[in-house]
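Data first, discussion second: the structure below is written as structure tokens.
Please treat every number below as a calculation from the coordinates, not as lab data. These numbers were taken from a predicted model, which means no experiment stands behind them. Quick reminder, even Gly has a Cβ in these numbers, built from the backbone with ideal geometry, and neighbours come from all protein chains shown.
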Amino acid sequence: MLKHVVVAASLALALATPPALAQQAGGETIVIVPMEKLPIYGSVVSAWYKQPVYDPNEKKLGTIADMLFSADGSINAVMLNVGGFLGLGVKHIAVPVSSITITQKNNKSWLTLNTTKDLLKKATGYKFDKTTGLWDPI
């Protein structure tokens, strides 16, 4: 909790002062350097989160429910909501983020995954544990 307060306070100070800021917090020096320009990137989370994912035949496979970040900040997997009807019987499965491609069709971006609904039905299901903040196998 203290870490979140320190980060939030540091961010507020960084936005209110010149680009480089050093601050003492609990004996550690924290240096925050806001970016003057964005790094090169391929996509934004909002282009993926809660978006439908289709198979190569344009049949909906599921919807992205979550994105799993590694310790270095890279996204290495996504959780898909698959199956079910009106929210009942939905299964959460994990797929490598590298297996999803962004396809352009009719001036619209589509997230596609080269698989079938049958394979996804056989995949390991996961349940989100709110107390730990982690996805656990069912």
Revision key, fill the gap. Ordered by fewest other Cβ atoms within 10 Å, a rough proxy for footprinting exposure, 80, 111 read 111, 80
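Taking the Cα centre of the stretch 29-138 as origin, sum charge times position over the Cβ atoms of Lys and Arg (+1) and Asp and Glu (-1), and report the length of that vector in debye to the nearest 20. Don't jump to the answer; show the numbers that get you there.
On the way: 12 positive and 8 negative charges, 88 e Å.
I would put it at about 420 debye.
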Check your understanding: In what sequence do 115, 101 fall when counting other Cβ within 10 Å, fewest first?
Key -> 101, 115
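Need one number: convex hull volume per residue for the stretch 45-137, Cα atoms only, in Å³.
It comes to 114 Å³ per residue, whole-number rounded.
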Check your understanding: Can you sort 35, 79, 67 so the residue with the fewest Cβ neighbours within 10 Å comes first?
Key -> 35, 67, 79
Study note, to complete from the structure: Extend 7 Å from the Cα of residue 45 along its Cα-to-C-beta direction; within the stretch 54-88, residues with backbone N under 19 Å of that point are 63-81
